[in-house]
Amino acid sequence: MTAMRPRLLFLCHRIPYPPDKGDKIRAWHMLEHLSRSWTVDLGCLVDDPADLKHLPALRGVCDRVECHPTGGRAAAAARALTRVRPGLPLTLGWFHAPALHAWVEAGLAARRYEAAFVYSSSMAPYVMGPGLPPLRRVLDLVDVDSAKWAAYAEGAAPPMRQVWAREARTLLSFERRAAAVFDRTLLVSREERDHFAALAPESAGRLDWVDNGVDLSRFDPALPYANPYRDAAPPIVFTGTMDYRPNVEAVCWFAAEVMPLLRAAPGPAAGSAPEFHVVGANPAPAVRALAALPGVHVTGAVPDTRPYIAHAAAAVAPLRIARGIQNKVLEAMALARPVIASPQAFEGVRAAAGRDILVADGASATAAAIAVALGGQIPGMGAAARAAVARGHDWSATLRRLDALLSPQPPSYEMQAAE
């Protein structure tokens, strides 16, 4: 007779499918992994009604799926403002769904679950109320989001400087409170874990990390990809959701500061000046405007980003604001492309700078690193990049930590933090 599997409540602030953007990629791989040893009930929100067509894929791995639309950005913003309270971040109101909250409460009251896995701080309040039944709770903060809002505030003018600063301050307070009550709180990398431990020293012993991974079978350079580029100019690619502020700022900076240097001196090995391709959905107005610049192309949404990466001469990640591990970096490395990343985008990547990836800070250094890549001066970099992510970022290896963390007595990883 087959033993009954324990039941897990999995909460996520966005529908975790398809795995085509940062938060969905991590959430999906965690959900799919945990579904192999747990019977999973999924509760999630959906901000794009088009994503509802993916519910059958989620029902294929979950016993129950409870999915509630957020009503779009305008409705979410109104909800956040309506629910704002002194000392509480706007984020919590943005992701509050009364019907989902009632569904969670009913399941908890019925003692349906042995454990709860909560993805993102915005979903933590769903399992933080008084009178909860005994169950193990694990929270995946992923990144220290409060630090992102602090970075936004630094470069903003009033009144948004005050808005972002308040969100940073109140969200950090909530992140610390959540970490103090959850049995274990995860971050996306050891570096991010250590950063949060410095901000929340009272919970340092309850913190851990699960590195982001990459699907090596999907991002495989041996697969046949049709070349999407129409001319012979060396293509430089950036991939990402293009209404996300750090991505917007990165490509605008690169187009304005780095591309003129590359086009002025393409170098004899390149043959012709490189062209910059911004590939990703929902380009903001500032991103769309870049298409008017010489040598810059903005695609908008594409069916598959892999051909654009696989046929690129180089991939860039010139992020100035970045938290955790960048999927765009791992994916380009898995496709054996030379990658040039800012120090912020390189953080958490298990690779050797100068051998597996080039790290550059500032326009001149970035242009020089790209010239090295386009000139073929490190011919083995692509192969070394794929080998590095195969060693350090294979999902099948990184997710093994989840199994121990959700057990009643997870092992301590404190010694590993000093490695």
For region 329-347, what are the residues that are outside any loop (DSSP other than H, G, I, E, B) and in contact with a Phe, Trp or Tyr (Cβ under 6 Å, 6 or more places away or on another chain)?
E331, A334
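Which of the residues spanning region 355-373 are over 21 Å from E275 (Cβ atoms), without any contact (Cβ under 8 Å) to a residue 24 or more places away in the chain and of a type outside the set (V, I, T)? Walk me through it before giving the result.
The first filter runs over region 355-373 and keeps only residues over 21 Å from E275 (Cβ atoms), leaving 355-357, 359, 361-362.
In the following step, the residues that additionally are without any contact (Cβ under 8 Å) to a residue 24 or more places away in the chain were identified as 359, 361-362.
Residues satisfying the conditions are D361, G362.
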Can you tell me which residue in region 122-139 is surrounded by the most Cβ atoms within 10 Å (Cβ to Cβ), limited to those that are of a type in the set (A, V, I, L, M) and assigned to a helix (DSSP H, G or I)?
M123
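So which residues in region 306-328 are at pLDDT 95 or above, assigned to a loop (DSSP other than H, G, I, E, B) and under 19 Å from V210 (Cβ atoms), if there are any at all? Give the derivation first.
Narrowing region 306-328 to residues at pLDDT 95 or above: 306-319, 326-328.
With assigned to a loop (DSSP other than H, G, I, E, B) added as a condition, the list becomes 311-313, 318-319, 326.
The answer is Q326, and nothing else.
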Every residue from region 187-206 that is in contact with a Lys or Arg (Cβ under 8 Å, 6 or more places away or on another chain), in a helix (DSSP H, G or I) and under 22 Å from L399 (Cβ atoms)
E192, R206
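May I ask you to verify whether N282 is out of contact with any strand residue (DSSP E or B) (no Cβ under 6 Å at 6 or more places or on another chain), surrounded by 21 or more Cβ atoms within 10 Å (Cβ to Cβ) and within 23 Å of W149 (Cβ to Cβ)?
The answer is no for N282.
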State yes or no: is A147 touching a residue at least 60 places away in the same chain (Cβ under 8 Å), under 22 Å from the mean Cα position of the chain (by Cα) and in a helix (DSSP H, G or I)?
yes
Cβ contacts < 7 Å: first residue touching a residue at least 12 places away in the same chain (Cβ under 8 Å), restricted to region 394-407; second residue assigned to a helix (DSSP H, G or I), any location; separation 6+ or different chain. Result?
W395/H29; L399/H29; L399/M30; L399/H33; L402/M30; L402/H33; L402/L34
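Yes or no, residue by residue, for (1) aromatic (F, W, Y); (2) surrounded by fewer than 22 Cβ atoms within 10 Å (Cβ to Cβ); (3) more than 20 Å from the chain's Cα centre (by Cα); (4) more than 20 Å from L405 (Cα to Cα):
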residue	(1), (2), (3), (4)
P159	no, yes, yes, yes
L172	no, yes, no, yes
D183	no, yes, yes, no
V188	no, no, no, no
S203	no, yes, yes, no
Tally of residues being surrounded by 23 or more Cβ atoms within 10 Å (Cβ to Cβ) and of a type outside the set (G, A, S) across region 338-348
4
What tally of residues in region 213-267 results from selecting those that are surrounded by fewer than 19 Cβ atoms within 10 Å (Cβ to Cβ), aliphatic (A, V, I, L, M), part of a loop (DSSP other than H, G, I, E, B) and modelled with pLDDT of 95 or more?
4
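The values are calculated or read from the model by the stated rules, or taken from the named source; none is laboratory data. Values in this document were obtained by computation on a predicted structure and should not be read as measured data. Every residue, glycine among them, receives a Cβ derived from its backbone with ideal geometry; neighbour counts consider all protein chains shown.
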